[in-house]
Amino acid sequence: MSSVNDTKLNSAVVLLTGIPGLEDVHLWISIPFCLVYIISIVGNSVILFVIKTDPSLHEPMYIFLSMLAVTDLGLSITTIPTTLAIFLFNSREISLDACLAQLFFIPLLQCTESAVLLLMAFDRFIAISNPLRYTSILTLPRIAKMGLAFVLRGLAVIFPFPFLLKRFRYCRANVLSHSYCMHWDVMNMACSDITVSYIYGLFAKLFTMGLDSLLIFLSYVMILKTVLSVVSHTECLRALNTCISHLCAVLLFYTPDISLSVIHRFWNSSSPLLRIILNYISLLVPPLMNPIVYSVKSKHLRARIIRVFIK
């Protein structure tokens, strides 16, 4: 894209990057990446299959878990082509239009996953604070409406990203710092004024994942308040135990992403390798670990999965 000023934007080619300094061992690095993708896709597919085929799992908690699995599958499928192309075949080129499509779907799926985690926090709060009305409050139509509302929110917020980037002039080096396209990475290649795009990117992050994380925190404050009012110590621990899987999913999702956002905006002198590793963790670890965590912690789900494989 070094000569994009003289060419059409649509014909520009972007170069992706694997792990700088380790190009000679990219083929070996591709092995753990392949394993992560295989486990993520198989694990989330099994979760979806078991929940869909077992009527006893058609409960709000498992419906939200199936939404999380769909989002994790989407994240894995979105990043697989370019990541494995680099590590397996050293194929770094991607057209700008394909790059813009990828940087649209990755944040959209991240916003959706953040929203699903918020809905799961609400699910845990209702289950603990009002168990007798749990199924009457979280009915299937209501769950569908909440899910659709959050997907539409993500679409509305992320939709301007490609259009904001496409109107820029690009005259800097066309090498990105990751094996997939990210909004801030493409934005930094522009030689135009990127202030509007920068501010909008910050707004989008705060309005979606920032707001969701705050509401999740408030949900757990109310959960703790409800649980601590229970006289029985055993019942208190039992109620908190139902939240462990969700807490693990929240920490796996938000910790690397928040760390990455802080580094990008306030700590630019940090090691590029640290940013790359955190970026891989934020996109690869949640789809890998979520099905494992929920399968281990949920006895009911684990029994159904074992039954499928035994058959």
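The values are calculated or read from the model by the stated rules, or taken from the named source; none is laboratory data. A quick note: this is a predicted structure, and the numbers were derived from the prediction, not measured. Using ideal geometry, Cβ is built from the backbone for each residue, glycine included, and neighbour counts are taken over all protein chains shown.
Scanning the range 177-195 for residues that are polar (S, T, N, Q) and within 17 Å of residue 167 (Cβ to Cβ) yields 188, 192, 195.
When residues in the range 291-311 are screened for being in a helix (DSSP H, G or I) and either acidic (Asp, Glu) or more than 22 Å from residue 239 (Cβ to Cβ) (or both), 9 of them pass. Of all the criteria given as (1) within 18 Å of residue 293 (Cβ to Cβ); (2) surrounded by 18 or more Cβ atoms within 10 Å (Cβ to Cβ), the one not satisfied by residue 39 is (2). Within the range 111-138, the set of residues being over 17 Å from residue 248 (Cβ atoms) and within 16 Å of the chain's Cα centre (by Cα) comprises 111, 112, 115.
I want to confirm something. Restricting to the range 152-183 and keeping residues that are buried (at least 19 other Cβ atoms within 10 Å of the Cβ) and among the small types (Gly, Ala, Ser), which single residue is nearest to residue 205 (Cα to Cα)? Checked the range 152-183; the qualifying residue nearest to residue 205 (Cα to Cα) is 154. Pairing residues of the range 249-262 that are among the polar types (S, T, N, Q) with residues that are at pLDDT 85 or above and part of a helix (DSSP H, G or I), at Cβ distances under 8 Å and at least 6 apart in sequence or on separate chains, gives 259/278; 261/205.
Here the helices (runs of 4 or more DSSP H) wholly within the range 45-141 that include at least 2 residues being under 30 Å from residue 28 (Cα atoms) and not hydrophobic (A, V, I, L, M, F, W, C) are 60-89, 96-129.
Scan the range 76-97 for residues that are hydrophobic (A, V, I, L, M, F, W, C) and surrounded by fewer than 15 Cβ atoms within 10 Å (Cβ to Cβ) and jot them down. Once the filter is applied, which keeps residues that are hydrophobic (A, V, I, L, M, F, W, C) and surrounded by fewer than 15 Cβ atoms within 10 Å (Cβ to Cβ), the range 76-97 yields only 89. Selection over the range 114-139 of residues that are closer than 23 Å to residue 72 by Cβ and polar (S, T, N, Q) gives a count of 1.
Within the range 83-104, residues that are within 19 Å of residue 162 (Cβ to Cβ) and among the small types (Gly, Ala, Ser) reach partners that are assigned to a helix (DSSP H, G or I) and at pLDDT below 85 with beta carbons closer than 9 Å, at six or more positions or on different chains, in the pairs 95/10; 95/11.
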